Amino acid sequence: MGTNAWRAGRSAAGDLLLGAVCPGCREPGWGLCPGCRAALTVSRPALAPTGTGPVTVACCPYDALLSHLVTAHKDHGALGLAPVLAGRLAVAVHVLLRGCAWTGPVVLVPVPSAAAAVRRRGYDATATLARGAARRLRPAHRVVVRRLLAQRRGVQDQAGLGAAARSANLDGALRLRHGPRRALPPGAVVVLVDDVVTTGATLAEAARAVEAAGLVLLGAATVAAAADPRGPARRRPDGSAGGVGGSVRPAP
Ligand SMILES: [Zn+2]
């Protein structure tokens, strides 16, 4: 068994051992509780504010629930959350395709994490969500997943950086990998996918790399969008999440 597979197995075991509370609200139970699951499914996809980044549809506000779920999935090996998060990503991709009236072939391109982070986690969280979303989108949409992008050099962790610092940190940071491009379906457009969009700086850099390679970019889709680039969206007094196009869902 390779080191990465061993680490993924260890993460899954940790998920099992530590999974006796809901990863969304910490209530006792196995896996995501019905309340958190319902809260996820009533969120409405909306355009995310991405500044200079591509047109981006996010399925959910990046509120406390989404922050817990994304972090548990990406950083703590809660692999059992992949299906539900991938389902939300699929909804965002579907809304983007419908909004653009695109019915041709689509290549989902996960925004790459730093290679060191993937090695540490033993798991490429975003690529896993992309593959799960593609399975849900077929056969209604002709979708494949290609990990076209790679990080060109060591990039700082974006967390805690402001918009300008993120942009500078990522300038020229992504490049197109060589191999996977040969297998692209003819006439396909690229949809970038990620778990969370914060300032849009990462998606803007990914869009630059894709377009510089002569590929056609339709837009981007994410599980969640932060209204406030500095962290999870705060709730308004009426219980709605601020910022993301009026998405409303009950508190978990
Ligand atoms: Zn819960």
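The values are calculated or read from the model by the stated rules, or taken from the named source; none is laboratory data. Remember, it's a predicted structure, so these values are computed and weren't measured experimentally. Ideal geometry is used to build each Cβ from the backbone, glycine not excepted, and the neighbour counts take in all protein chains shown. To get the accessible areas, we keep the full protein, side chains included, count just its heavy atoms, and leave off ligands, DNA and RNA. Shrake-Rupley method; radii C 1.70, N 1.55, O 1.52, S 1.80 Å.
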Check your understanding: Consider residue 85 against the criteria (1) modelled with pLDDT of 95 or more; (2) out of contact with any His (no Cβ under 7 Å at 6 or more places or on another chain): it satisfies all of them except one. Which criterion is unmet?
Key -> (2)
Review point. With (1) surrounded by fewer than 24 Cβ atoms within 10 Å (Cβ to Cβ); (2) touching a helix residue (DSSP H, G or I) at 6+ places or on another chain (Cβ under 8 Å) as the list, and residue 104 as the residue in question, which single condition is left unmet?
Key: (2)
Point to revise | Given (1) modelled with pLDDT of 95 or more; (2) buried (at least 20 other Cβ atoms within 10 Å of the Cβ), index of the condition residue 73 fails | key: (1)
Check your understanding: On the given criteria, is residue 120 open to solvent by 50 Å² or more (accessible area, probe 1.4 Å), assigned to a helix (DSSP H, G or I), closer than 23 Å to residue 177 by Cβ and in contact with a Lys or Arg (Cβ under 9 Å, 6 or more places away or on another chain)?
Key -> yes
Review point. Just checking, how many residues over the stretch 29-58 are within 16 Å of the ligand (Cβ to nearest atom), at pLDDT below 90 and open to solvent by 40 Å² or more (accessible area, probe 1.4 Å)?
Key: 3
Practice item. Out of the residues in the stretch 59-69 that are part of a helix (DSSP H, G or I) and open to solvent by less than 10 Å² (accessible area, probe 1.4 Å), state the one that is farthest from the ligand (Cβ to nearest atom). Key: 66
Point to revise | Filtered residue count, the stretch 129-154, keeping only those that are out of contact with any strand residue (DSSP E or B) (no Cβ under 8 Å at 6 or more places or on another chain) and open to solvent by less than 30 Å² (accessible area, probe 1.4 Å) | key: 1
Study note, to complete from the structure: Checked against (1) under 20 Å from residue 200 (Cα atoms); (2) in contact with a helix residue (DSSP H, G or I) (Cβ under 8 Å, 6 or more places away or on another chain); (3) within 16 Å of the ligand (Cβ to nearest atom); (4) open to solvent by less than 20 Å² (accessible area, probe 1.4 Å), residue 88 satisfies every condition except (4)
Check your understanding: Name the pairs whose Cβ atoms lie under 7 Å apart, with the first residue in the stretch 18-41 and under 17 Å from residue 87 (Cα atoms), the second charged (D, E, K, R) and near the ligand (Cβ under 6 Å from one of its atoms), and 6 or more positions between them or separate chains?
Key -> 33/27
